[in-house]
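Written out below as structure tokens is the structure these notes cover.
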Amino acid sequence: MQKISLFGYGKTTKAIAKVAKNAVFYDDKCTKPFRDENGFKVNPASEFNAKYSSLEIPSPGIAPSNALIQKAKNLISEYDYFKDTPPLKIWISGTNGKTTTTQMMQHLLKDKGSQAGGNIGTPLAELSLDAKVWILETSSFTMHYTNEASPNIYVLLPINPDHLSWHGSMKEYEDAKLKPLLTMQEGEIAIVPHKYKDIQTNAHIISYEDESSLAQYFDIDMKKVNFKGAFLADALLAMAVDKILFDRVNYTKINSFELDPHRQEELKDSKNRLWINDTKATNIDATIAALARYKNSSIHLILGGDDKGVELNELFEYLKNIDICIYTIGSNKDKLFSLGNKYKINSKLCSNLLDAISKIDKNLKIDEVALLSPAASSLDEFSSYAQRGDEFKQAVKDIS
């Protein structure tokens, strides 16, 4: 009988264990073997022996440098494991916007029997095999380990520096995002940024330079779409797939979509001043997108966290051309403060998020904007970007 080894005891692998017979977990955090509430055996990572494993499936976040990955002889991704399942498969990737694009696409295609999951919400292994369409937010981590599976439609948002400490370099990160194109077949479709228009693939390439080119190609009237800024591109990509599959453009339906909290979420304090919760901006590109939306105002920007080894000069080149004061927090706050001084940007070193909010409260004028858009992960000081955003919102609410 095939023995499946699951690396990491997390949401993704727990879901796989329920459908894959004879699965055993190996986890770095486990110090003593045990059986979980479903009867599955969980072992310390050190007990894995490739000789007794027929197949190894990792949790997406486990880095290639991990000892389990190094020992594996039959490593595949969860996408490879489910590659022969019947639903039509749409993968959505890129650096920013893939979650919103996935959610918008599900909003549009639900009436056609679609289900959404993957990197967000429902794990792939819990999606119904009876669904007509799987819409999967697809991470670079998962694609790094995927060698056989590929989508029927691939939607790729722009690729910008992120997760470089995991991948090792920008090239490795970009290669992971482009990897699905290598295995796609004739008749399948990839919507990609214009810079990749000549990439070698058997899929039919549709390239776009910006929102206008997307709208023009798919004959969508942008003026009838209510979303602005980065969210407009997300909406147009979702509508593009609806047009490809079902030859329809539904403005009423896309405009009824409600954005998740934590992405450019606007709120007012007791003094009627504008604060923006953009805690989900965990990389440079997302922060620049938020800054572009509010660049006509004077901005008080909270920056910092775990920057995952990304070069930050590009961000400061952008910052030096707008009216801004930065408030640095998190594990890279000293580096950010030094860069602020280097680029002659007004900068304030803060002990933590609450200290930054307190400092902004003393300086913020009614016609200015306070923006939490950290360009960094939250995991140095918070359990998640959502916790960081919730703390920000509560502190703003408490201003008197």
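Remarks
- Scope segment 51-90; condition assigned to a loop (DSSP other than H, G, I, E, B), farther than 21 Å from PRO151 by Cβ and touching an Asp or Glu at 6+ places or on another chain (Cβ under 8 Å); matching residues: ASN66, ALA72, LYS73, ASN74
- Listed by position, the helices (runs of 4 or more DSSP H) enclosed by segment 295-400 that each have at least 1 residues that are of a type in the set (Val, Ile, Thr) and under 21 Å from PRO261 (Cβ atoms) are 353-363, 385-397.
- Within segment 176-194, the residues that satisfy the criterion of being open to solvent by less than 60 Å² (accessible area, probe 1.4 Å), under 20 Å from THR95 (Cβ atoms) and in a helix (DSSP H, G or I) are ALA176, LYS177, LEU178, PRO180, LEU181.
- Pairs meeting the criteria (first residue in segment 139-151 and in contact (Cβ under 8 Å) with a residue 60 or more places away in the chain, second residue open to solvent by 10 Å² or more (accessible area, probe 1.4 Å) and among the basic types (Lys, Arg), beta carbons under 7 Å, at least 6 apart or on different chains) are MET143/LYS179; THR146/LYS179; GLU148/LYS83; ALA149/LYS83; PRO151/LYS89.
- Across segment 152-171, the qualifying residues are those that are assigned to a helix (DSSP H, G or I) and touching a residue at least 24 places away in the same chain (Cβ under 8 Å), and the one among them that is most open to solvent (accessible area, probe 1.4 Å) is SER165.
- Pairing residues of segment 253-277 that are on the phi > 0 side of the Ramachandran plot with residues that are charged (D, E, K, R) and surrounded by 20 or more Cβ atoms within 10 Å (Cβ to Cβ), at Cβ distances under 6 Å and at least 6 apart in sequence or on separate chains, gives HIS262/LYS280; GLN264/ASP278.
- Subset tally (residues that are touching a residue at least 40 places away in the same chain (Cβ under 8 Å), touching a Leu at 6+ places or on another chain (Cβ under 6 Å) and either of a type in the set (Asp, Glu) or assigned to a strand (DSSP E or B) (or both)) for segment 195-247: 1
The values are calculated or read from the model by the stated rules, or taken from the named source; none is laboratory data. Everything numeric here is computed off the predicted structure, so don't read it as measured data. When we count neighbours, we look across all protein chains shown, and the Cβ atoms used for this are built from the backbone with ideal geometry, even at glycine. Note: areas computed on protein heavy atoms with side chains; ligands, DNA, RNA excluded. Shrake-Rupley method; radii C 1.70, N 1.55, O 1.52, S 1.80 Å.
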